[in-house]
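Some notes on the structure that comes next.
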Amino acid sequence: MADFTLNIPTLFGLEGVCAEELRRQGFSNVRAENGRALCDSGPSGIIRANLNLRTGERVLLRVGAYDAPDFDALYDGARALRWEDFIPREGAFPVRCRCIDSKLSSQQRCGAVLRAAVGDRLCAAYGLPRMPESGGEYQLRLTMMKDVAELSIDTSGPSLHKRGYRALSVEAPLRETLAAGMVLLSRYRGKGPFRDPFCGSGTIPIEAALIAKNRAPGLSRGYSAQRWSWLPPELWEEERTRAKDMEFDGKYDIFGSDIDATAVQLALENAEKAGVSSLVRFAQADARTFAPQEPEGRVVTNPPYGERLSDKHEVESLYRDFGRAWKKVPPGWSLSLLSSHTEFERTFGKPASKKRKLYNGMLKCDLFMYQ
């Protein structure tokens, strides 16, 4: 099978981080665009990307893109694509659509047109009156953006942020892909102390441990493409073995704390599920008394934001107290802190050395970085 393009959607702000991950995994023609990274790939690359990407939300196999100002153009363009190269005669092909700033704005009707076009193409290719759809699922995704139709097949199934270790979490948990992105942006790779004084259910320290050990984050979950006939089980096993062979052995100083004892217990349980309980420690502690003794290290953390007006004063007080504690921290430490609070630097008491815009879900945030 010839090479094709993989489209990796990301949270806004993590496109470049994801692109760098793809380069490190050996993908070619990598480029970052708004809200996604793209690369060229063969069949094994689908598996490698799903198993190893820390900041990608899913892996889409791009089938084609074309202008579609009306439904006739949408149908004709979809039918002209070689769907039979990917979907076998028994394959099921449900459709998901997203329409943004396009003349074709009805997701339901766009989906019906796409299903008809793909079904007609496959029936003609296989000499069938009707596709049985009794085999594996090939989830089709249509994005209509400014009258351009982009068609892909979803290889991942559930989003890649669902690593499989966080069955339970505290209120408003941080998505695993964002946590991993924050750790990567801090340049932590396993050397030196790592701290999260607002750890909640432990997502940031757990992702830091996975990064330190170079453990592929997707080893403990399944994927839609595992049921595809042209991605045989031995290819999956080969890529899993490759990922495991690239793990590091070592001891790491990774510690998370939270004032909430229930959150700390959840963090301990999640670390156990993630297989990193021997690499990361958790304890109950107040971030306002944060005082590391080591001369240098990294702090990556996600404190409360105070989005509700009733919480704003309390959160500003917390930021102020944490800022006072930070002034006493040895100068070799760096801090990467995520917040949507527009007055964070004022309440913290110090302007950031650098800021990076990130999105926590739909919430616009800044990663405040202090060197």
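The values are calculated or read from the model by the stated rules, or taken from the named source; none is laboratory data. Because the structure is a prediction, the values reported are computed rather than measured. Reconstructed Cβ throughout: ideal geometry from the backbone, glycine too, with neighbour counts over all protein chains shown. Each accessible area value is taken on the protein alone, full model and side chains, heavy atoms only, with ligands, DNA and RNA left out. Shrake-Rupley method; radii C 1.70, N 1.55, O 1.52, S 1.80 Å.
Roughly how many debye, to the nearest 20, is the charge dipole of the chain about its Cα centre, given +1 on each Lys and Arg Cβ, -1 on each Asp and Glu Cβ, and no other charges? Present the calculation step by step, with values, prior to reporting the outcome.
On the way: 53 positive and 48 negative charges, 143 e Å.
Approximately 680 debye in magnitude.
What accessible area per residue, rounded to a whole number of Å², is obtained for the chain using a probe radius of 1.4 Å?
On the way: 16940 Å² over 371 residues.
Dividing the accessible area of the chain by its residue count gives 46 Å².
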Quiz prompt | Dipole of the chain [Lys/Arg +1, Asp/Glu -1 at C-beta], most positive-end residue of P303, L151, A125 | solution = P303
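So what is the relative contact order of the range 156-293, in percent, for Cα pairs below 8 Å that sit 6 or more residues apart? Before the final figure, lay out the partial values.
Details: 211 pairs, mean separation 45.0, N = 138.
Once divided by the residue count of the range 156-293, the mean separation gives 33 percent.
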Quiz item: Dipole magnitude of the range 125-235 about its Cα centre, charges +1 at Lys/Arg Cβ and -1 at Asp/Glu Cβ only, in debye to the nearest 20?
Solution: 500 debye
Exercise. Could you please tell me the mean projected area of the C-alpha convex hull for the range 145-234, averaged over all directions and given in square nanometres to one decimal?
Key: 9.1 nm²
Quiz item: For the chain, what is the mean residue ellipticity at 222 nm derived from helices alone (per DSSP H run of n ≥ 4: -39500 (n - 2.57); sum divided by total residues; nearest 500 deg cm²/dmol)?
Solution: -10000 deg cm²/dmol
Self-check item: Square roots of five times the Cα gyration tensor eigenvalues for the chain, Å
Solution: 42, 23, 17
Quiz item: How much accessible surface area, in Å² rounded to 10, belongs to the heavy atoms of H341 with a 1.4 Å probe?
Solution: 10 Å²
Exercise. Count charges around S257 for me, please; just the other residues with Cβ under 11 Å from its Cβ, Lys/Arg as +1, Asp/Glu as -1.
Key: -2
Self-check item: Part-to-part distance (alpha-carbon centres) for the range 256-332 and the range 85-133, which is given in Å
Solution: 48 Å
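Could you check how much of the accessible area of the range 263-371 is carbon and sulfur, as a whole percent, using a 1.4 Å probe? Write down the numbers at each step before the final one.
On the way: 2920 of 5860 Å².
Accessible surface attributable to carbon and sulfur in the range 263-371 totals 50 percent.
Where the accessible area of the range 113-244 is counted over protein heavy atoms with a 1.4 Å probe, how much of it, in %, is carbon and sulfur?
Numbers: 2530 of 5010 Å².
Carbon with sulfur: 50 percent of the solvent-accessible area.
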Practice problem: Rounded to the nearest 10 degrees, what's the angle between the helix 176-185 long axis and the longest principal axis of the chain, both from Cα atoms, 0 to 90? | Solution: 60 degrees
Self-check item: Gaussian network model of the chain, springs between alpha carbon atoms under 10 Å - residue of N270, N302, N29 with greatest fluctuation
Solution: N29
Practice problem: Could you rank T262, T301, T5 by how accessible they are, 1.4 Å probe, largest area first? | Solution: T262, T5, T301
Quiz item: In whole angstrom, and with the biggest value first, how far do the Cα coordinates of the range 3-57 range along each principal axis?
Solution: 27, 19, 16
Quiz item: Considering lysine pairs in the range 267-371 that are 8 or more places apart or on different chains, how many have Cα atoms under 29 Å apart?
Solution: 19
Practice problem: Given the options T55, T241, T203, state which has the largest fluctuation in a GNM of the chain using a 10 Å cut-off (strictly under) for Cα springs. | Solution: T241
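Quote the charge dipole size of the range 250-371 about the Cα centre in Debye, to the nearest 20; the model charges only the Cβ of Lys and Arg (+1) and of Asp and Glu (-1). Could you put the intermediate results ahead of the total?
Values: 18 positive and 16 negative charges, 109 e Å.
With Lys and Arg at +1 and Asp and Glu at -1, about 520 debye.
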Quiz prompt | Highest-MSF residue in the chain out of A179, A287, A117 [GNM, Cα springs under 10 Å] | solution = A117
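Loop only per DSSP, at most 14 neighbouring Cβ atoms within 10 Å: give me the trypsin sites (Lys or Arg not before Pro) in the range 1-84, ordered by residue number.
Values: sites: R23, R24, R31, R36, R48, R54, R58, R62, R79, R82; in loops: R54, R58, R82.
For trypsin sites (Lys or Arg not before Pro) across the range 1-84 that sit outside H, G, I, E and B with at most 14 neighbouring Cβ atoms in 10 Å, the list reads R82.
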Exercise. Note down the Stokes-Einstein diffusion coefficient of the range 30-88 in µm²/s, whole number, using a Kirkwood radius over alpha carbon pairs, 25 °C, and 0.890 mPa s.
Key: 178 µm²/s
Quiz item: Which GluC sites (Glu not before Pro) from the range 168-229 combine a DSSP loop assignment with at most 14 other Cβ atoms within 10 Å?
Solution: E171
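Cβ under 13 Å from G119's Cβ, G119 left aside: what net charge do those residues give with Lys, Arg +1 and Asp, Glu -1?
Numbers: positive: R79, R89, R115, R121, R130; negative: E84, D120, E133.
That sum, taken over residues with Cβ under 13 Å, equals +2.
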Quiz prompt | Label zone at A124 (point 7 Å along Cα-to-Cβ), backbone N below 13 Å, the range 79-102 | solution = 79-84
Quiz item: If we count every other residue with Cβ under 14 angstrom of S317's Cβ, Lys/Arg +1 and Asp/Glu -1, where does the sum land?
Solution: -1
